[in-house]
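This report concerns only the one structure given below.
The values are calculated or read from the model by the stated rules, or taken from the named source; none is laboratory data. Note that the structure is predicted; figures quoted are calculated from it, not measured. Quick reminder, even Gly has a Cβ in these numbers, built from the backbone with ideal geometry, and neighbours come from all protein chains shown.
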Amino acid sequence: MSQLDEQLGHRSDGIAIELVGLSKQYGDVTALDNVSLTVREGEIFGFLGPNGAGKSTTIDILLDFVRPSAGTATVLGDDAQTDSLAVRQAVGVLPDGYHLYDRLTARQHLEFAIASKESDDDPIELLERVGIADAADRKAGGFSKGMKQRLVLAMALAGSPELLILDEPSTGLDPNGAREMREIIRAERDRGATVFFSSHILEQVEAVCDRVGILRNGELVAVDTIDALRDALGTDTRLVLTVESVTDDMVDAVATLPDVTGIQADSETRVTVMCAPDAKTAVIHAVEAAGGTVVDFDVEEISLEEMFAAYTTDDDTATSTADEDDREVVTPSADGQEVRA
Amino acid sequence: MSWAVVARKDFRDARLSKALWAITAAFVLLSAGMAVLYATVPELSQDIGELSTLGYLTLLLAVMTLFVSVAAIVIGAGAIAGERDRGSSKILLGFPHSRADVVLGKLIGRTAVLAVAILVGLAVTLAVILALFPTFSPVDYAIFAVVTLLFALVYVGIMVAVSATTGSGGRAMAFGVGVFVLLEFLGDLLAPAVMFVVNGFSFGGLVTVPGWYAFLNIVTPSAAYQNALGWFLGDGTAAALTLGGILDGAVPFYLTGWASIAVLALWLVVPLVLGYRRFAAADL
């Protein structure tokens, strides 16, 4: 790490982003409401939420595109409003809703990025990293959305930033491109960078994030690891059993088990059981005791989609949560920090 | 030198604008064509009686004023507002450039583009002059070029300032055209209007023209540019005397070419400061 990096690390005490009571009003509309969040250096943090939840507003405040109505945002120890130049020097940005300079080539875009960061990167090397080196001398106006996204990512990587802020990075990328994006995100984390990225595509987040924050209607409703959030939403596991034939005895026997909360016959040969994770063996024993033969079984975790829906909609049927009425989820996270929802 | 990075990027981008090429081609044709006409149609040079660089430049002045102001709208009005409108400002300002750097970089980058257009036009015209005119005055031509470049800087500055006040490219263009109309057409009415008011809402009984009246006539950027060129190209007094009308005695300092340069400097600085302040406070 360079001396600059060390200085930054020292000044920020291991904290990459700190939001304290951050609010933003646009007239009568509250885009962000009292959001407090800490992102530690070196982690990949996923910022989740439906469109319009306030993700881009938060990022706009970090970059001083937008000024908060209340609260503060600190990036790598520098105030995002008063020391914005220092922030943007240390940060690589892939914004949402950007537009490239149609008349400039990919190489010229990189040259601008490199000159802006006063770094000595090779434009072609950066373009190679994102897989569009062969388009270096083509004008960006003719690029597909996916190529534009790769180009802006290459620009964000210029100067080896301490922190990458990526707003919906997989927009416009095909599955292969999205995978390459994830590889680059991991490589940047391994280099020592912090990655903060927003998304409404859950698989993206699950695949790479150390921790996630979920934003809903401008409020941060949960911050934790994905596993801990999943636990907080209830411990039930969905057990799908394939048997030779489903009988009423079998269903009754399973339904009366203490740790089973539901059972449903899906077909002649398949039942789905909602139960506590450690009740799986008891369920299978009960089925066999009732004369059934278990051909196959499958354990499904609560999908991220369901989890996301639970946090971001008022539809109570999405899944059962511990405190659904007020949507407060307080749970010790994996690293012992208390997490407020 | 963050503004220089912005200016360089902007120059590379804006110089490829098709609208700019069209307007430059029109200017080159007009400027060179006028030189040909001036040299070949005797009636055009009749009042001077000889083909001279100065005589031609006097003719060119009106065309140049229009070209620079219109080109400045095309080049400058979208400079910042257009980027905000499209979203390229998110790329630009995602890098460590202050908003002051952006305004300054845009001013320099866009002025450089217009300067290239002007210099191309003047170079082509110079070839015509050397071929057709019996004499050539390089000093006059150089003064004309330098003051014109200053005028271009000022007008682009005004348009960049307009551009800094809004996030809508269309609105910036409308404001730009509005400012142009205000400066080029209504500006001519300023002096008479003030005179009308000062004189008790009438033009009756006016015998002499006061100095401030002459000054108000050369207070717009275009008029200041033309007065400055008249001053520096002529014998030093002719232009001011024409403008000042029936002034007795020495030309007051505020009608000199140097005063007009100072007026141009104010037109450069004041709008940009106001535009910057608005841009600096804006949510993008």
TODO: Check A:P50, A:P68 and return the single one that is in contact (Cβ under 8 Å) with a residue 24 or more places away in the chain and within 11 Å of chain B (Cβ to nearest Cβ).
DONE: A:P68
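Take the residues of segment A:100-118 that are hydrophobic (A, V, I, L, M, F, W, C) and in contact with a Lys or Arg (Cβ under 8 Å, 6 or more places away or on another chain): which is farthest from the other protein chains (Cβ to nearest Cβ)? Walk me through how you get there before you give the answer.
Taking segment A:100-118 as the starting set, the residues that turn out to be hydrophobic (A, V, I, L, M, F, W, C) are A:100, A:104, A:106, A:110, A:112-115.
Next cut, in contact with a Lys or Arg (Cβ under 8 Å, 6 or more places away or on another chain) only: A:100, A:104, A:106, A:112, A:115.
Details: A:L100: 7, A:L104: 6, A:A106: 13, A:F112: 4, A:A115: 5 Å.
Of everything passing the filter in segment A:100-118, A:A106 is farthest from the other protein chains (Cβ to nearest Cβ).
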Open item on the list: Residues that are surrounded by fewer than 19 Cβ atoms within 10 Å (Cβ to Cβ), under 30 Å from A:F65 (Cβ atoms), in contact with a helix residue (DSSP H, G or I) (Cβ under 8 Å, 6 or more places away or on another chain) and within 14 Å of chain A (Cβ to nearest Cβ): does segment B:16-27 have at least one?
Closed with: yes
Task: Number of the exception - A:K145 against (1) over 19 Å from A:A178 (Cβ atoms); (2) more than 10 Å from every other protein chain (Cβ to nearest Cβ); (3) within 26 Å of the chain's Cα centre (by Cα); (4) surrounded by fewer than 23 Cβ atoms within 10 Å (Cβ to Cβ) - done: (1)
TODO: May I ask you to verify whether A:T30 is at pLDDT 95 or above and either more than 11 Å from chain B (Cβ to nearest Cβ) or in contact with a strand residue (DSSP E or B) (Cβ under 7 Å, 6 or more places away or on another chain) (or both)?
DONE: no
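If you take the residues of segment A:77-136 that are among the β-branched types (V, I, T) and touching a residue at least 12 places away in the same chain (Cβ under 8 Å), which of them is nearest to B:L93 (Cα to Cα)?
Taking segment A:77-136 and keeping what is among the β-branched types (V, I, T), we get A:82, A:87, A:91, A:93, A:105, A:114, A:124, A:130, A:132.
Filter once more, keeping what is touching a residue at least 12 places away in the same chain (Cβ under 8 Å): A:87, A:91, A:93, A:105, A:114, A:124, A:130, A:132.
Working: A:V87: 12, A:V91: 12, A:V93: 10, A:T105: 19, A:I114: 14, A:I124: 23, A:V130: 22, A:I132: 24 Å.
Filtering first and then ranking leaves A:V93.
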Open item on the list: Checking the structure you have, find out if any residue of segment B:1-8 is over 22 Å from the mean Cα position of the chain (by Cα), among the aliphatic types (A, V, I, L, M), within 14 Å of chain A (Cβ to nearest Cβ) and surrounded by 18 or more Cβ atoms within 10 Å (Cβ to Cβ).
Closed with: yes
Open item on the list: If I ask for residues that are of a type outside the set (V, I, T) and either crowded, with 22+ Cβ neighbours inside 10 Å or within 14 Å of chain B (Cβ to nearest Cβ) (or both), which ones from segment A:33-47 would you list?
Closed with: A:F45, A:G46, A:F47
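It is to be established whether one or more residues within segment B:94-104 are modelled with pLDDT of 90 or more, surrounded by fewer than 24 Cβ atoms within 10 Å (Cβ to Cβ), closer than 18 Å to B:Y155 by Cα and not charged (D, E, K, R).
Just the residues of segment B:94-104 that are modelled with pLDDT of 90 or more, to begin with: B:94-104.
With the extra rule that they be surrounded by fewer than 24 Cβ atoms within 10 Å (Cβ to Cβ), the set shrinks to B:96-101, B:104.
Filter again for closer than 18 Å to B:Y155 by Cα, leaving B:104.
Subset that is not charged (D, E, K, R): B:104.
Yes, the conditions are met somewhere in segment B:94-104.
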TODO: Determine which member of the set A:R40, A:R138, A:R67 is closer than 24 Å to A:A154 by Cβ and among the basic types (K, R).
DONE: A:R138
TODO: Return a yes/no flag: does segment A:38-46 have any residue that is among the polar types (S, T, N, Q), at pLDDT 90 or above and in a loop (DSSP other than H, G, I, E, B).
DONE: no
Open item on the list: Being at pLDDT 95 or above and within 28 Å of A:G27 (Cα to Cα) narrows it down to one residue among A:I114, A:I61; which is it?
Closed with: A:I61
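Tell me yes or no: at least one residue of segment A:100-123 is closer than 30 Å to A:L37 by Cα, in a helix (DSSP H, G or I) and small (G, A, S). Give the derivation first.
Filtering segment A:100-123 for residues closer than 30 Å to A:L37 by Cα gives A:113, A:116-117.
This time we only want the ones that are in a helix (DSSP H, G or I), so: A:113, A:116-117.
Retained after the next criterion (residues that are small (G, A, S)): A:113, A:116.
Looking through segment A:100-123, at least one residue is closer than 30 Å to A:L37 by Cα, in a helix (DSSP H, G or I) and small (G, A, S).
Which of the residues that make up segment A:270-286 are of a type outside the set (D, E, K, R) and out of contact with any strand residue (DSSP E or B) (no Cβ under 6 Å at 6 or more places or on another chain)?
Filtering segment A:270-286 for residues of a type outside the set (D, E, K, R) gives A:271-277, A:279, A:281-286.
Passing the criteria: A:A276, A:A279, A:T281, A:A282, A:H285, A:A286.
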Task: Members of segment A:178-192 that are closer than 19 Å to A:E128 by Cβ and in contact (Cβ under 8 Å) with a residue 40 or more places away in the chain - done: A:E180, A:I184, A:I185, A:R186
Open item on the list: Within segment B:55-172, considering only helices (runs of 4 or more DSSP H) that don't extend past its boundaries, which have at least 3 residues that are touching an Asp or Glu at 6+ places or on another chain (Cβ under 7 Å) and within 14 Å of chain A (Cβ to nearest Cβ)?
Closed with: B:99-132
